[in-house]
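Q: Handing you a structure now.
The values are calculated or read from the model by the stated rules, or taken from the named source; none is laboratory data. For clarity, every value in this text was computed on a predicted model and none was experimentally measured. Here Cβ is always computed from backbone atoms with ideal geometry, including for glycine, and neighbour counts include all displayed protein chains. Just so you know, the surface numbers come from the protein's heavy atoms only, side chains and all, with ligands and any DNA or RNA stripped out. Shrake-Rupley method; radii C 1.70, N 1.55, O 1.52, S 1.80 Å.
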Amino acid sequence: MSEIAGQTGHRGTATAVVHESYAFACMRCGHGWEQSYEIEHHTDADGKEFVVYVADGRIVPSPLSRPVCHNCDGHVVRIMRAGQVSSVRSAVGVAEQAKEHHHWHLSDLLHPFQRKAH
């Protein structure tokens, strides 16, 4: 199947609509984001099948063809299953909260240098 990004006038004639979500991470700047898509399957007048990707109500190119970083416009973008970015953000947030609320003691700093008694 081919995709036709930017094509209009076919949105109501989809034979099937599939919902997919992906997580993206830029290997250039480290920016991460997630996006959900409606993938509309259509058949043109000649009987050829094509798909249309819709994100936030707009027809967009396939996210699998050549994703672009929303932060730096880089093209080296890793595509992952949905939830990857939000789970990393949650983990980072928990770690940052733990650092903010942890009170360090001298014994914490010296612990790696202490010998165990045999």
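Q: Just the residues that are modelled with pLDDT of 95 or more and over 13 Å from S21 (Cβ atoms), please, taken from segment 32-41.
A: E40, H41
Q: Moving to a separate point now. On the basis of being at pLDDT 90 or above, out of contact with any Leu (no Cβ under 8 Å at 6 or more places or on another chain), open to solvent by 100 Å² or more (accessible area, probe 1.4 Å) and of a type in the set (G, A, S), does A55 make the cut?
A: Details: at pLDDT 90 or above: yes; out of contact with any Leu (no Cβ under 8 Å at 6 or more places or on another chain): yes; open to solvent by 100 Å² or more (accessible area, probe 1.4 Å): no; of a type in the set (G, A, S): yes.
No.
Q: Turning to a different aspect of this structure: Check S87, S21 and return the single one that is small (G, A, S) and at pLDDT below 70. Show your work before the answer.
A: Numbers: S21 fails: at pLDDT below 70.
Within the list S87, S21, the selection yields S87.
Q: If you go through segment 21-51 one residue at a time, how many are more than 24 Å from G74 (Cα to Cα), in contact (Cβ under 8 Å) with a residue 40 or more places away in the chain and open to solvent by less than 70 Å² (accessible area, probe 1.4 Å)?
A: First, the residues of segment 21-51 that are more than 24 Å from G74 (Cα to Cα): 38-51.
Of the ones still in play, those that are also in contact (Cβ under 8 Å) with a residue 40 or more places away in the chain are 41, 48-51.
Still in the list and also open to solvent by less than 70 Å² (accessible area, probe 1.4 Å): 41, 50-51.
Qualifying residue count for the region: 3.
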